[in-house]
Structure formats: C-alpha cells, structure tokens
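A quick write-up on the structure given underneath.
The values are calculated or read from the model by the stated rules, or taken from the named source; none is laboratory data. The structure presented is a predicted model; accordingly, all values stated were derived computationally and were not measured. Reconstructed Cβ throughout: ideal geometry from the backbone, glycine too, with neighbour counts over all protein chains shown. With ligands, DNA and RNA removed, areas are computed over all heavy atoms of the protein, side chains included. Shrake-Rupley method; radii C 1.70, N 1.55, O 1.52, S 1.80 Å.
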Amino acid sequence: MASPNGNQDQTTKKHRVSSTHPLLIALISIVVVIVAVFYVRGWENEKLLKDFNFSANTYRQLLEGRLRDIIIELDSAKRFYQGSKFVDRAEFSSFISKAISKSDEIVSISWVPRISGDQRRILETSKWIGGLNGRSIHDPDPVNPNRHDKPSPPRAIHFPILYAEPGNKMDEWIGFDLASNPTILTLLEQARDEDVIVPITHISSPHLLTGRNANRESFVILIQPVYRSNGPLQTIKQRRDRHLGFLILQYDIGIALETAISNSEPIGLDIYIVDVEAEDGNEIVFHHRSRLVRTGAPLTFSELWEIPEFIHTSSLNVSGRQWKLMTVPLALYYVNHQQYQSWGVLAFGLALSSLFSYVMFSNYSRTAVIRETVRSQTKELSRTNEALQYEAEQRKSQLRELDFQKFALDEHAIVSITDVRGNIIYANEKFCEISEYSLEELDRKNHRIIKSDEHPPEFYADMWKTISS
C-alpha cells in the first residue's frame, strides 16, 4: 500500500537533491582531481620503485663481487700451500702481504697447522723450521679472556697459529691454540671433515679478533682446510689423514660494502647487512648510513621487518651462510627522486606529515615526562620503603640483643648459644653448673651430650627440677 504521505516524501527528496546539488558537483570535481593525482602519483611511484630496486640489486652485486674476490684470495693461498713442500715464515709473509695489500677489507690471514701432541715439543723448541720463535702453545686466561698467555695442557691435536699477517697486528696471537675454544674447535673439525669453507661470526670471546676496539659484529672469519694434494679426499677418513692445517682469513664485511659502493654511493639509502640466524639483538651485522643523513639511530631488526613498502631484501651468500642485504630509502630519497607533476601533493603531504609529527611528538613528550615522573616517584617511594624496612629490622635486632643481654646477666638464667648446626659455642656458668660439664667439654658439642649414659635418670630429673624452679 502506498503511503498517504507519499507525495510529500517525494517532494522532500527533490528539495534535498536540489539543495545538495552544488556540493555534489564539488565532490565529483574533487574526486576527479584526486583520481588524476593518484594516477600520476602511481606512475611516479612505479618509476621510483623500479629505480630503487635497480640500485639495490646493483649494490648487492657489487658486494658479492668483493666477497668473491676474498674467496679467490683464500683459494689462492690454499693452492700456494698445496703447491709447496714446506712454507716458511718468510715465504708466507711475502705471499700473504701481497694479498692483504690488494684488499681493504681483509684484516688478517693466518696459518694454523695440525700439530700432534708428539710434534708440540719439536715446535716449541724451535727444531721445527721457523718454530714459534721461542714461544709456547698457549690458551686464553680463564679469568681474563683478553689475555692468552696460559700454556696449553697436553692435547691429542693442537691447532696453534703459526704464521699470521699483518705481523704488527697479529704477533700477539702467534702460538695461540684454537683447540682451546670448544666452539671454534667444532667449526674447525666441520671444515676439515666436510672440506668446506666455514664462516665464524659473532663470536662472543675476543679470540681471533685483531684490535681490542674492533667492530666485531661486522667481522667474518673464514676457515679454509688445507690437505696434502696427493690423494683422494672422498671420505672423512681420507680428509683427516691428509689434513695439514687451516688458513684463517678474517675480513670486515662492512668495509667490503663501503669499498664496493664507493664509486656509486647510494644517495638517500641506508643499507643493512643482516644475519637472520644470529642471537636476538645481534642480527644487524653492519649499517651503511646514507651520506645525506649521518646522524640518528639505525633501525632495529624488528623495525626493518615492519616497514610496509619500499624496502629491498635480497639474500647474501656469505661462504655458505645465508644473510640478508636490506636496502631502506630515507625520506630524502623520495624528495630527490620525486617528479614535478606531483609537487602540490608532495607539499600537502609534507605539511600534513609535519603537523602530525608535531602532534605525535608533543603527545609523546608529555607522555614521556609523565612516565618519567611516575617512575622516579615510584623509585623514590621504593627506596623510602626499603629504608623504613631496614630501620625496622635494625630496631628489632637491637631489641633482641637487649633482651638477650638482660637475660644473660640474670644469675639464675641458664644460657647456651649454638651455631647454625646446633653445636654449643657458648654456655654460662649456670648451664655448666647444672649440666656438670665445663665450657671446654661443651665446646662444639650438641645438646645431646647431657643425655649421655654418664648420669643416671635421677640426675636429669633433679636438673629439670632445678631449671624449672
């Protein structure tokens, strides 16, 4: 059934449409403008993303090239050893120094021979050619790991650092036994048994790290096993039988990245080298700051994964270990790569962002002040409560001491004091008189001594009457 007021409702609707018509036109025009702007913006973003991904891939390829060069140097050193009947210290220094001088990121290269327990004496007495220069094979000091001058105990196999370059940095490590560290020893055995290069990263101890203040997070240590070349190496037993030792190459992957991109340093891009298998808090191995922004704290590992867009993540093979190379654009990157077609939208966005940032910062500042005030007052109240509790305990202790002194001065009181095990350490004259034991006889004895068979039952009955009275 039609509403009796149907005509009136239709009239009202017509008036409403008529009255809102200009607003509807304005809204349509705004929508058209917004659609056009978003279309242009989308084209700009597509081009920006394409350029960004191209740059990130370029930096990854440059870094991988540097890492390949390091592996080539390590392989060259391996072939040098396999091609020589014996390598003395001078030959090692001459060959390795050239490799280090060609690479800014290589920190050191060391030769670690396999030394049996029987060969140790020969090595330490310098009857081995070159020897240890009068030194002994040594371990780290268990009290102070930064020192490693404790002679190694006898072991079936020792892995001492025999040669190391550069000599001015690595001299203190000559003779250090890598077998003294169970973690490193496990990795050495893995490299030997599998005939693979094994990387060491994020070692908590200072072993193998040159320089006390080095940025250890960006250090990578490569273990390269070396075998006698005359024979097959298809089984673990064959590898162990033909094993000569290890080449230990240490490099700074941060310097490798900086060197790789030095000729085309990214403008407005931060680059993070991330070890996703590391312990919590140690995932970020190195952070390259954009030359546009040299201040401010880098992003944390969790923050890197919270970036919704415009972040390039690629795998980075570090001697068989899969790391991540994450490239993050800064705000200035967008500014430098924006097209002029959307400058109006950019200005509006920056203004709105500035206002929002100001509001958020103001709220954050006020919240921080309130939180700090509450925290300080809570701490102060906690300290006050602790002081009051301590004062109360002191007062109780003093009262107990006064009570004991009053009781001890009473000539009729029977007093004995025991240690925590219940053994008598003091007894007053009244106690000695009643128990008929001297203080020397009671010293360090349990109270059960007065229940021994030395007295008849009547004695204890009389003594109890005396104590009760």
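Within the range 76-128, the set of residues being free of Cβ contacts under 8 Å to residues at least 24 places away in the same chain, among the acidic types (Asp, Glu) and surrounded by fewer than 16 Cβ atoms within 10 Å (Cβ to Cβ) comprises 91, 118.
Restricting attention to the range 61-75, which residues are of a type outside the set (A, V, I, L, M, F, W, C), open to solvent by 50 Å² or more (accessible area, probe 1.4 Å) and farther than 17 Å from residue 164 by Cα? The answer is 61, 66, 68, 69.
Just wondering, is there one or more residues in the range 227-242 that are closer than 26 Å to residue 288 by Cα and modelled with pLDDT of 65 or more? Within the range 227-242 (the criterion being closer than 26 Å to residue 288 by Cα and modelled with pLDDT of 65 or more), the answer is no, since none of the residues qualifies.
Inside the range 153-173, residues that are crowded, with 19+ Cβ neighbours inside 10 Å and not in a strand (DSSP E or B) make up a count of 5.
Cβ-Cβ contacts under 7 Å between residues 6 or more apart (or on different chains), taken from a first residue in the range 240-266 that is closer than 21 Å to residue 69 by Cβ and charged (D, E, K, R) to a second residue that is in a strand (DSSP E or B) and open to solvent by less than 50 Å² (accessible area, probe 1.4 Å), are listed as 252/107; 252/219; 258/288. Of the listed requirements (1) at pLDDT 65 or above; (2) among the aliphatic types (A, V, I, L, M); (3) not in a helix (DSSP H, G or I), residue 77 misses just one: (3).
Of the residues examined, residue 315 is not one that is modelled with pLDDT of 80 or more and in a helix (DSSP H, G or I).
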